[in-house]
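Report on one structure; see the data block that follows.
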Amino acid sequence: MPGPSLGFVGVGRMGSHMARRLLDAGFELTIHDTSDAAVARLEQRGARRAASPAEVAELAETVLVSLPTPDVVEQVALSASGIIGGSKVKTFIDLSTTGPRVAVEVARRLAAGGITAVDAPVSGGPTGAEKGTLAIMVACPRKLADQLRPVFDVLGKVFWIGEKPGMGQTMKIVNNLLSASALAITSEAMVLGAKAGLDPAIMLDVINAGSGRNTATTDKFPRCVLPRRFDFGFTTELLLKDVRLCLEEGDALGVPMIVGNAVRQLLAITKAGQGPGSDITQVVRTVEQWAGAQVKAKS
């Protein structure tokens, strides 16, 4: 272990749960976020506030970040007030989804400053972050991955993907494309069934007992769509970003992404119609509006 004192930048929807779990596990934690309220909640649990990512990196040898977009990750890692400016930090763990190309560039520039980047995106959503059941896709030297296990084990299950920066990101964007595709096609199927007169709850029971079962039918639809809560906790804008990163990598590698492009189109329409901050489960509302039918629990 690089030491019990950790830094954490980005304590929002995902990061707040991970930071809380680390505090509860006994780690000393220095944190930074642009949201004063988010920082204050963790201060009450024993975290130490820092004024900038650079200050976090002055106080902790190992700094984790959980940030929304690639450009924010680059700014937090590499700007004048970023982690690269800290004198103590030795290990940078990126739990965000940035895509492989940004991960490679950030790792290269941090290495020039004597900092090792650990590419470690996570999957499992806010619920997985809260419960400590995230899938953590780690790419870094194997010895370092093993040394970091006491940290990772608090957050979820570790999958060592390889040594090269970007390998974890590639695994993550593939996973997120599959998750987004399941949500999109389930939305179409459920709206069709509802318009045909089928009971959505019975539809889910049948699908989940058969070959159509997926993460949307087992979790997102019964928990967030049928009760019309739309509160999974991940925004359409961010899922669209993840899908776009995957399609860009497909283009770069010469892999056709026909279905993926259709999913991107549906997400883009949902973002425009429902708003960038809309919950990803509101994708179904786009299909509902076109079809003139609604997927909801029958009283």
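The values are calculated or read from the model by the stated rules, or taken from the named source; none is laboratory data. Not measured: the values here are computed from a predicted model. Here the Cβ is made from the backbone with ideal geometry for all residues, glycine too, and neighbour counts use every protein chain on show. Accessible surface is based on the protein model in full, side chains and every heavy atom, while ligands, DNA and RNA are left aside. Shrake-Rupley method; radii C 1.70, N 1.55, O 1.52, S 1.80 Å.
Odds and ends about this structure:
- Pairs, first without any contact (Cβ under 8 Å) to a residue 24 or more places away in the chain and more than 10 Å from residue 119 (Cα to Cα) in segment 139-168, second part of a strand (DSSP E or B) and of a type in the set (Phe, Trp, Tyr), C-beta under 7 Å, six or more apart: 142/160
- Every residue from segment 21-38 that is more than 13 Å from residue 50 (Cβ to Cβ), outside any helix (DSSP H, G or I) and open to solvent by 40 Å² or more (accessible area, probe 1.4 Å): 25, 26, 35
- Complete set of residues in segment 272-289 that are farther than 22 Å from residue 223 by Cβ and either out of contact with any helix residue (DSSP H, G or I) (no Cβ under 8 Å at 6 or more places or on another chain) or touching a residue at least 24 places away in the same chain (Cβ under 8 Å) (or both): 272, 276
- Of the helices (runs of 4 or more DSSP H) lying entirely inside segment 70-181, those containing at least 1 residues that are within 23 Å of residue 25 (Cβ to Cβ) are 125-131, 142-147, 149-155.
- The residues listed here are 80, 107; of these, the one that is of a type outside the set (Phe, Trp, Tyr) and in contact with a Pro (Cβ under 8 Å, 6 or more places away or on another chain) is 107.
- Restricting segment 234-244 to residues that are in contact (Cβ under 8 Å) with a residue 40 or more places away in the chain and open to solvent by 20 Å² or more (accessible area, probe 1.4 Å) leaves a set whose member that is nearest to residue 183 (Cα to Cα) is 234.
- Given (1) closer than 24 Å to residue 261 by Cβ; (2) open to solvent by 40 Å² or more (accessible area, probe 1.4 Å), number of the condition residue 149 does not satisfy: (1)
- Answer residue from segment 130-163, given it is charged (D, E, K, R) and in contact with a helix residue (DSSP H, G or I) (Cβ under 8 Å, 6 or more places away or on another chain) and is nearest to residue 107 (Cα to Cα) among those: 163
- Enumeration of residues in segment 196-212 that are closer than 16 Å to residue 182 by Cα and surrounded by 14 or more Cβ atoms within 10 Å (Cβ to Cβ): 203, 204, 207, 208, 212
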